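Before any comments, here is the structure.
The values are calculated or read from the model by the stated rules, or taken from the named source; none is laboratory data. Owing to the predicted nature of the structure, the values given are computational and were not obtained by experimental measurement. Heads up, the Cβs are rebuilt from the backbone with ideal geometry, glycines too, and the neighbour counts pull from every protein chain shown.
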């Protein structure tokens with residue numbers, strides 16, 4: 001009789017016994033239960049998960065490009081506007097030249113109409129008053145005043161978008177020998193002209209605070225009418241700085 005040999009199962013390799021680490025009972029964190037009525041969930045910063053709208057992405061990309069790209073002299077002067085101290089003093093003087101609002105104009109016209117009605121009854125001749133000297137706003141209007149050499153002072157905003165609309169104004173003011181200044185904010189110019197924003201302002205005559213305004217004109221001539229502005233060099237990004245540091249380290253190591 002032939003004995004049947006059972007298929008011997010392959011022996012499994014012996015697993016190494018895991019050594020259990022003895023943990024201190026007081027130092028172990030308790031597992032938190034975030035179900036209803038238990039531990040409070042931690043606040044997650046959701047800004048990483050937010051998909052910003054297209055216009056925000058374009059704004060940020062444009063800001064980086066403006067920093068990184070080399071700017072020609074015509075654009076470079078807009079990155080170096082008038083300092084805060086002089087702009088604050090200038091705005092204080094120009095507040096007296098702010099044009100009247102719609103409400104004030106309506107009241108003035110009503111009063112004039114009443115006076116005219118009285119004069120007709122009394123058969124008096126109409127007296128024509130002088131036009132009030134106020135700030136002139138609007139790009140087309142300001143360029144016309146500069147071309148006619150009627151403007152005595154021009155203010156240009158640096159944060160106009162697109163900047164191409166205002167780029168020609170400084171060179172035009174130089175050729176016509178009219179003092180101009182580049183100011184940081186278009187909103188602040190708009191506030192002077194009773195509007196939301198304003199690209200540029202012009203003043204045709206110095207009626208109030210004439211001495212102060214003439215001093216400002218001298219400062220602006222020295223500041224902006226001098227030699228042409230140099231082209232602005234691009235700023236270095238984080239990767240560029242890191243590459244330079246790495247190159248310096250390699251050079252030092254070779255030495």
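Is segment 10-27 home to any residue that is over 24 Å from residue 237 (Cβ atoms), surrounded by 10 or more Cβ atoms within 10 Å (Cβ to Cβ) and either at pLDDT below 85 or more than 45 Å from the chain's Cα centre (by Cα) (or both)?
No: zero hits.
Going by what's in this entry, would residue 55 be described as in a helix (DSSP H, G or I), surrounded by 10 or more Cβ atoms within 10 Å (Cβ to Cβ) and at pLDDT 85 or above?
no
This table checks each residue for (1) surrounded by 14 or more Cβ atoms within 10 Å (Cβ to Cβ); (2) within 20 Å of residue 81 (Cα to Cα); (3) modelled with pLDDT of 90 or more.
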| position | (1), (2), (3) |
| --- | --- |
| 104 | no, no, no |
| 129 | no, no, no |
| 133 | yes, no, no |
| 137 | yes, yes, yes |
| 140 | no, no, yes |
